[in-house]
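Accompanying notes for the structure given below.
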Amino acid sequence: MLTEIKLTQLSHGGGCGCKIAPGVLAEMLRTLPQAALFPDLLVGFDTADDAAVYRLNDEQAIVATTDFFMPIVDDPFDFGRIAATNAISDIYAMGGTPILALAIVGMPINVLPVEAIQKIMEGGASVCATAGIPLAGGHSIDSPEPIYGLVALGVVHPQRVKRNSSARAGDVLILGKPLGIGILGSAMKAGKLDEEGYRQLIAVTTQLNTVGTALGKLDAVHALTDVTGFGLLGHLLEICRGAKLAATIQASRLPLLPAAVGFAQQGIGPGAIARNLASFGDTVSFAPQVEEWQRRIMADAQTSGGLLAAVAAENADEVLALFRAQGFDAACVIGELRAGAAGVAVIA
């Protein structure tokens, strides 16, 4: 029976908590050749951005990304929805419009019944339909752990690409979704998450970051990324490094999933939290009054998390109104960027 399947028990990790730690990933990529010989490659892997962007002509560029992971929830349909929403988010994070998706499917076919795999794929297809794009094909393998995700393609005007490296001193930072997704996933795997907590988890992880397309058209939005496996602090550090700026975050302003706070205070969360915190080194500093659970939730591996935008301060209200008009009621200003050595200071 599908209701008896515990997808999260078939894998060693789940969601974007499966990502390789930032420091390890950087070392893995260190010896790869840069793409300087391809002048039409507008965005490659050198700034750890969300997707690659290749200019076709003066009016069009292709945005290309791939994202896949192991289950963060047990329900097959919901797993497919979350994985697809997360993958398409990379297109929105570049200011683009998605046009096409391909499925990535790795399943333990001798363990999972065909009906469960069908539900995973149906979940992904339903999100593509909501995004208004075809799920046009893909590739599948027999895998010891269940894996699902998408290759997503989009389009953007070459002059409207939103990088994670183009923030400016004085910008305010706006976060579109509340934090705590990885913590709720861990609580669910431990059998501690109630119905309301699961509802909060699904509501956030299946909300497409469609606002990114509109943000791409605003000159006041200087940089954009989505918050996923490296946590809020990890992805903010990428913005800081790319722009050679420092950031200040106010912990009291952060939007948090209500159900996640208690679990964070109990120390519940994915192993990625510790890996992320260790990878930050001295590039992140915390004021003494910032509590341990707050530090952990800022390093929590988000799956299908919110967009993080660096915005001209005088346009913050306009951008917030745009977020809220598209259903991101938790969107708020969480800090600012300033001149200084790349790093993040967290205050109470």
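Would you check which residues across the stretch 224-239 are acidic (Asp, Glu) and either more than 15 Å from Phe45 (Cα to Cα) or in contact with a Leu (Cβ under 7 Å, 6 or more places away or on another chain) (or both) and list them?
Asp226, the sole residue that qualifies.
Look at the stretch 26-83 and say how many of its residues are charged (D, E, K, R), touching a residue at least 40 places away in the same chain (Cβ under 8 Å) and in contact with a strand residue (DSSP E or B) (Cβ under 8 Å, 6 or more places away or on another chain).
4
From the residues in the stretch 267-295 that are in a helix (DSSP H, G or I) and among the aliphatic types (A, V, I, L, M), which one is most open to solvent (accessible area, probe 1.4 Å)?
Here the answer is Ala278.
Suppose we filter Arg168, Arg163 for residues that are touching a Ser or Thr at 6+ places or on another chain (Cβ under 8 Å), open to solvent by 50 Å² or more (accessible area, probe 1.4 Å) and assigned to a loop (DSSP other than H, G, I, E, B); which single one remains?
On inspection, the qualifying residue turns out to be Arg163.
In the stretch 54-79, what residues are under 15 Å from the mean Cα position of the chain (by Cα) and assigned to a strand (DSSP E or B)?
Scanning the stretch 54-79 gives Thr65, Thr66, Asp67, Phe68, Phe69.
Looking at Ile141, Ile109, can you tell me which residue is in contact with an Asp or Glu (Cβ under 8 Å, 6 or more places away or on another chain), open to solvent by 60 Å² or more (accessible area, probe 1.4 Å), touching a residue at least 24 places away in the same chain (Cβ under 8 Å) and of a type outside the set (Phe, Trp, Tyr)?
Ile109
Give the residue, chosen from Ile88, Ile82, that is assigned to a helix (DSSP H, G or I), open to solvent by less than 10 Å² (accessible area, probe 1.4 Å), over 22 Å from Phe38 (Cβ atoms) and touching an Asp or Glu at 6+ places or on another chain (Cβ under 9 Å).
On inspection, the qualifying residue turns out to be Ile88.
The values are calculated or read from the model by the stated rules, or taken from the named source; none is laboratory data. Note that the structure is a prediction, hence the values are computed from the model and not measured. Please note: Cβ atoms are built from the backbone with ideal geometry, for glycine as well, and neighbour counts cover all protein chains shown. Remember, those area values only see protein heavy atoms, side chains included, never the ligands or the DNA or RNA. Shrake-Rupley method; radii C 1.70, N 1.55, O 1.52, S 1.80 Å.
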